[in-house]
Amino acid sequence: MKRVLTRAMISLAFLGAMMLLVCAQGGQRAIASPPAQANASPKAPQGARCSECHSCQNPTAANSCLAPCPRPMPSEGPNVVLLKELSKDYQPVIFAHRLHAQMSGLSGGCAECHHNNPTGKILACSNCHSATQAGTLLKPNLTGAYHRNCLQCHREWNQNTKCAVCHELKTAQSVPVSLPASGDIMGSLHPDVQAPVVKMFDTSYPMGSKVTFPHQEHVQRFGLQCADCHQKEDCGDCHHTAETASEHVKNLDEMHAVCANCHQTTGGQEVCARCHSNQQLPSFSHKQVGLELSSDHQIAKCTDCHVGAKYNQKPTCKSCHGTDVSYPAQLPGTKVKTP
Amino acid sequence: MKENRRTFLTWLAGSTGALCFRAKADDLSAVGDFQGYPDRVGMLVDLSACVGCRRCEAACKQVNGLPPVSVPLGDKSVFDQVRRTDENNWTVVNRFIPGPGATAVYAKKQCMHCNEPACAAVCPVKAFVKTELGPVVYHPELCMGCRYCMAACPFGIPAFEYHSANPKVTKCVFCNDRIKQGLLPGCTAACPTNAITFGKRSDLIRQAQQKILQKPGEYQDHIYGVAEAGGTSWMYISKVPFDELGFSMDLGNKAMATYSYGFLSMVSAVFMVWPAFLGGFYLFSKSREQQATEPTGPDANKQGDAR
């Protein structure tokens, strides 16, 4: 009887010890995890760089300046993607990914296709869009998801091109498609867009119908990116299709919207006359914006004062005058009233 | 004799009135309160996803045994005019260009399968029936070709086989046989952009509301078909105002049939009670007249005694 009691006590003690051990381990685990996360902010994934998600130096809660998902640059993405879902009957669809990614800045960016994609790994469409089940309005099936992305812009399909423009039927003679070499046109970037040096606009403004827009100067001198002005543009804006070719007549505000981002476009005839003239205006001159350079300054190179061609920063006089002269305390010419 | 006539008239008026009252109280008000079968199916079209490929047209013809498309798919000249449904085309896709320079919007048109269909309401032989599942189905063996349905439909959908010796009315039947087998309707299965969603009507409305709320301002804050003409099984959402896409916006939110309830409830009264009452009155006054003009005599006395 005594032996049985002792045995029972021993086994109870053993059980108790085991439970304590398990609890202690659990506790240890619970305590151990926070320090690992303490280095990074609670939401950031392990080992992420701040600049991977935030485009500014000091993001705040109010201004998080989050880059749209997914984050990699177009150049980091694959050159060409082969879509092989229908490879049983068709040749794979060749999707010039980088070409599209590069031009996507003019519309919705990467998220135009890669929507709801968290930072980090790029998810395949089929991760969410089922190839076998019927789709819903909120989540179309894979066929719907692919076709929506392509056909929303590529509306130029017609009787002759049909589906074969993307889906080439597989025959006995078909050559297997592999990723093209980097020199291949399909894998290359968008051909260089020939930006105009100067673009002239004919307007209906009676006091001066011609507006000179020094395009090259805006790009080169002021370092503007294409998407700074060309926002929400469509491939169809350049690649005309029958359906989009009809001219949309812009109203006054729409026409001035792009310029008004930086320039004043309202405020009477004086303001209008800065751009509207009866002849083509010369490219940028100080005189036009309020300063007539003295003759000795006229021969100086632009970059002598605008160091590093940074035209949006205050020019310096140091390169010739040392530290004794500075702009704008001393002007390199005489101030004029803007025309 | 006198007793008989009075009894007859009283009985006639009473029973007709009771019949009218009963019909109005029970049947019609019950129809008005009925919200529809809760599990009925529907279709939801996202017009912004439609690219106008017309594969739905071709698929519809294939599954319903109609002749193939007359204008090949991809031939965009078909969009030069706005088409309507006809006996060989139970669904048609039309193109609308909302404003100069705007991207074309395509809108599929077919029977809307109303919650309370006008075609079924007017059909004298019950050839059109709204099923519990949702589709408004057609029974050609019952149809007598009166074409009341064509006149009644607020969406102008039913078409008539004018060139047939034994003409029938035709319209989309929601692929009733296919959905009963668990298959998707022909058009829905064929749509390459998944612009058409098939499902329980109540689920579809919730999805559409969610889609509109996801990106405020992108879609029109209106689900066409939830309330139009008393609600329909086919519903649409769009980024472009519906009136620019050929959708009737003046149908009201009441089922077409409800407009005739007031009138129809009076029909029995007007055509049964009144004639009986007036006829009785006529007979009564005629007999009085006859009595007044008849000469008094032994016969008349006899009649008077009888009275």
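Between residue A:197 and residue A:327, the FRET efficiency from the beta-carbon distance, with R0 = 30 Å, is close to 0.55. Surface composition of region B:35-254: carbon plus sulfur atoms hold 52% of the accessible area, using a 1.4 angstrom probe and ignoring ligands, DNA and RNA. Excluding ligands, DNA and RNA, the accessible surface per residue across region B:35-254 is 44 Å² with a 1.4 Å probe. Ranking B:125, B:52, B:184 by Cα position along the charge dipole of chain B, where only Lys, Arg, Asp and Glu carry charges on their C-beta atoms, puts B:184 farthest toward the positive end.
For region B:157-167, 3J(HN,Hα) computed residue by residue from phi via the Karplus equation (6.51, -1.76, 1.60; θ = phi - 60°) reads 9, x, 10, 10, 7, 4, 8, 9, 6, 10, x Hz, glycine and proline entered as x. Packing, taken as the mean count of other beta carbons within 10 Å per residue, orders the peptides B:40-49, A:85-94 from highest to lowest as B:40-49, A:85-94. Compared with the alpha-carbon gap, the fully stretched path from residue A:63 to residue A:207 is longer by 47.5 nm at 0.36 nm per residue. Across region B:231-241, coupling constants 3J(HN,Hα) worked out from phi with the 6.51/-1.76/1.60 Karplus curve, θ = phi - 60°, read x, 10, 7, 8, 10, 10, 10, 8, 8, 10, x Hz, and Gly and Pro carry x. For region B:46-129, the alpha-carbon coordinates run over 49, 29, 21 Å along the three principal axes, in decreasing order. Under 5 Å between amide hydrogens, built in the peptide plane, is the criterion, and for residue A:276 it picks out nothing among residues at least 5 positions away or on other chains.
Could you state, as a whole-number percent, how many of the C-alpha pairs of region A:288-339 are farther apart than 19 Å? Tail of P(r) above 19 Å: 24 percent of Cα pairs.
The accessible-area loss of region B:79-124 on complex formation, taken against its chain alone with a 1.4 Å probe, reaches 40 Å² or more at B:100, B:101, B:103. Find which of A:329, A:312, A:295 sits farthest along the positive direction of the dipole of region A:288-339, computed with +1 on the beta-carbon of Lys and Arg, -1 on that of Asp and Glu, about the Cα centre. Farthest towards the positive pole: A:312.
The contact between chain B and chain A removes approximately 2300 Å² from the accessible area (both sides summed; 1.4 Å probe; ligands, DNA and RNA excluded).
On the beta carbon distance between residue B:261 and residue A:107, with R0 = 60 Å, the FRET formula returns roughly 0.70.
From most to least packed by mean Cβ count within 10 Å, the peptides A:293-303, B:162-172, A:145-155, A:55-65 give A:145-155, B:162-172, A:293-303, A:55-65.
Taken over the Cα atoms of region B:177-307, the convex hull encloses 235 Å³ per residue.
Other protein chain C-beta atoms within 10 Å of residue C-beta, averaged over B:184-194: 4. In chain B, the longest principal axis of the Cα atoms and the axis of helix B:274-293 are about 20 degrees apart. Remark on region B:146-206: ratio of C-alpha radius of gyration to 2.2 N^0.38 Å is 1.45.
Overall, the ratio between the Cα radius of gyration of region B:35-254 and 2.2 N^0.38 Å, rounded to two decimals, is 0.98. Partner shielding of A:137-148 amounts to 6, given as the average count of beta-carbon atoms from other chains within 10 Å of each residue beta-carbon.
Extension gain, residue B:161-residue B:290: 0.36 nm per intervening residue step, less the Cα-Cα distance, totals 40.6 nm. Can you give me the Cα centroid spacing of region B:224-281 and region A:92-149 in angstrom? Taking the Cα centre of region A:92-149 as reference, the centre of region B:224-281 is 45 Å away.
The values are calculated or read from the model by the stated rules, or taken from the named source; none is laboratory data. Because the structure is predicted, anything quoted here is derived from the model rather than measured. Don't worry about glycine lacking a Cβ; one is built from the backbone with ideal geometry, like all the others, and counts go over all protein chains shown. These area figures cover heavy atoms from the full protein model, side chains too; ligands, DNA and RNA do not enter into them. Shrake-Rupley method; radii C 1.70, N 1.55, O 1.52, S 1.80 Å.
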